[in-house]
Every structure is written in structure tokens, then in C-alpha cells.
Amino acid sequence: MRLGKKTKIILLMIIALTSVACALFVDVKKPVDLLWDKTGKKTDRLIIFFPGLYDTAEKFKDEAFFSLARKAGIIADMVSANVNIFHLAKEMMIERIEKDVFVQAKNSGYKNIWLVGVSLGGLNSLLFNIKYEKDICGVVTLAPYVANTPLIEDLRDAKEVKNWKPDSDESKLALEKRLQFLWVWLKEKSSKNKLNNLYLGYGKQDRYIDAIKLFENILDKNHIVSVEGGHTWATGQKIWKKQLSSMLETGLLQPCN
């Protein structure tokens with residue numbers, strides 16, 4: 001099933017209106033606010049957290065992601081950035097993380113860098129990893145948004161990702177193009193068994209479960225955890241705890257350099 005012309009026009013109008021609103025409220029060219037949780041000791045380990053569509057950097061602190069990592073014995077600096085729907089509308093989300101966090105982190109001596117993304121932040125963390133995969137130890141995704149309905153149908157029709165072929169529709173919306181770009185990369189890497197630094201956690205009743213299951217099928221089974229729950233922060237906490245509890249066995253958040 002493809003988006004009809006009328007549907008695409010409506011979506012484009014929504015994005016255009018959102019972009020106008022963004023211009024009024026947020027200057028996406030300015031550095032974003034960062035929320036740090038540092039060890040207080042010199043370390044070359046850094047975890048960068050990517051928030052969801054309507055979330056803020058503070059959610060990772062408020063929802064105990066930082067404190068749970070500390071209790072689990074994580075000795076790394078942690079940072080989340082206040083990227084949000086405004087940056088998404090202007091296609092500046094990844095660029096802001098790059099300019100405001102990643103490049104500076106590399107220049108400051110961080111060598112063991114992990115990405116953790118929630119929901120849409122899961123997609124952005126995966127896309128960021130594609131750009132800088134040689135500099136990143138791994139990516140932890142929680143309830144990631146990795147495919148929309150047309151892409152899900154195409155992947156299902158292909159039976160296996162190795163049989164899937166991206167279409168050449170140039171009228172795709174920006175988000176659709178990013179999703180297809182991701183799966184082109186996933187297809188290539190999975191054919192070479194080179195997805196062993198990706199981790200997935202999800203709730204069994206998540207609203208994105210159809211897409212998540214397709215993603216799950218190409219990952220290392222030891223890198224996947226599931227819990228009861230939907231697309232909520234409460235479920236995210238349960239996932240995070242479960243991931244942290246087995247990190248020494250799975251390699252999650254461990255140094256790679």
C-alpha cells in the first residue's frame with residue numbers, strides 16, 4: 001500500500017505548518033541544552049541518550065535511567081540533549097547531536113561511546129551510528145520506531161530482509177526516506193553478520209510491535225529483551241533494568257577500545 005497523492009499533500013502541509021511553528025518557537029541552528037550526569041572521575045566512556053519525539057533531555061533523569069545505570073555499576077559519563085519535534089521538523093536532530101555533543105566529546109578524549117535511543121530516538125541513534133559507526137561501540141534501542149506501514153508491508157512481502165528491495169519513489173517524505181535508508185544499511189550489514197553491536201528492548205504490547213518484530217528478526221537473540229507493557233516510560237524502565245542486569249554477559253555498554 002502506498003500513500004495517495006492527496007494524503008501526501010496533507011502530510012506535507014502539516015510538516016510545513018509545523019516548520020513555521022518551529023521557526024517561531026525554536027531556533028534549531030542554536031546549540032541545544034545538554035543534561036549531564038558525570039562520574040566525577042576522568043573517563044573515556046560516554047553514553048549519549050536520544051529522547052523520543054515529544055520528550056526532553058530531563059526525561060532520562062526523571063525516569064531514573066541515569067541512576068539505574070549507576071546502581072548497575074556503569075562508570076561512564078552520560079548526556080542527553082534537548083532535541084525535540086522542532087529539530088525533527090527542520091531535519092536538524094542528528095546534526096545538533098553531532099555538533100553539540102559528539103564532535104566535542106571526541107575532541108575531549110572520549111573513545112568508548114555508546115548511543116541509547118528511545119522511540120523515535122531509537123531511529124535517530126541508529127541513523128547516527130550509520131554515519132559514525134567506526135567511532136561508536138554500540139547502540140541500545142528501546143521501543144524504537146524503525147518502520148512505517150508501507151515499509152512494514154514491503155518487508156513482510158519480501159519474507160526476509162535479504163530479499164527486500166527499496167523502491168525509487170522520489171516523492172517520499174523525509175522521514176520515509178530515512179527509514180528506507182536505515183533498512184538498506186540493515187540489509188547490507190545483516191548479510192555480513194555485522195549487526196552484533198545493536199541491542200533491542202521492547203514491550204510486548206508496544207504500538208510499534210509490527211516494525212519492532214521485523215527489526216528483532218535480524219539481530220543477535222542474546223541482545224534482545226522483552227517485557228510486558230506498551231509504549232510507555234514505565235515499560236522503558238523495566239526494559240532498561242533488564243538490559244542492565246545482563247550487560248556483562250551481553251557486552252551492552254561495555255568498552256570497545
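Both radii are taken from the alpha-carbon atoms of the chain; with Rh as the Kirkwood radius, Rg/Rh is 0.95.
Modelled label positions at Glu58 and Leu173, each set 7 Å beyond Cα in the direction of Cβ, lie 2.9 nm from each other. Using a simple spin-label model with pseudo-atoms 7 Å out from Cα toward Cβ, Lys213 and Val184 lie 2.8 nm apart. The residues packed around Val83, meaning those with a beta-carbon under 15 Å from its beta-carbon, carry a net charge of -1 if Lys and Arg are +1 and Asp and Glu are -1.
Computed from point charges on the beta carbon alone (+1 for Lys and Arg, -1 for Asp and Glu), the dipole magnitude for the chain about its Cα centre is near 300 Debye. Here the spin labels are modelled as points 7 Å beyond Cα on the Cα-Cβ line, and at Arg156 and Val103 they lie 4.3 nm apart.
Two tests apply to each whole DSSP H helix in the chain, Cα reach of 15 Å or more along its axis and mean Kyte-Doolittle hydropathy of at least -1.0, and the ones passing both are 5-25, 120-132, 174-191, 233-245.
Quick one: longest stretch of the chain between exposed loop trypsin sites (Lys or Arg not before Pro), exposed meaning at most 14 other C-beta atoms within 10 Å and loop per DSSP? Result, exposed sites excluded: 43-158. Shown is the FRET efficiency for Ser67 and Asn163, computed with R0 = 41 Å from the Cβ-Cβ distance and rounded to the nearest 0.05: 0.40. On full extension, the segment bounded by Lys131 and Thr232 gains 33.5 nm, given 0.36 nm per residue less the C-alpha separation. Loop sites by DSSP among the GluC sites (Glu not before Pro) of the chain, restricted to those with at most 10 other Cβ atoms within 10 angstrom, leave 1-169 as the longest stretch without any of them. Gain on full extension, evaluated as 0.36 nm per residue between Lys221 and Cys256 minus their Cα-Cα distance, stands at 10.6 nm. When the Cα positions of Gly40, Leu127, Leu248 are compared along the charge dipole of the chain, Leu248 comes out farthest toward the positive end, with charges on each C-beta of Lys, Arg, Asp and Glu.
With neighbours defined as other Cβ atoms within 10 Å of a residue's Cβ, the residues Met247, Met93, Met78 order from fewest to most as Met247, Met78, Met93.
No value in this document is a laboratory result; all are computed from the given coordinates. None of these values were measured; they are calculated from a predicted model. Cβ coordinates were reconstructed from backbone atoms using ideal geometry, including for glycine residues, and neighbour counts include every protein chain displayed.
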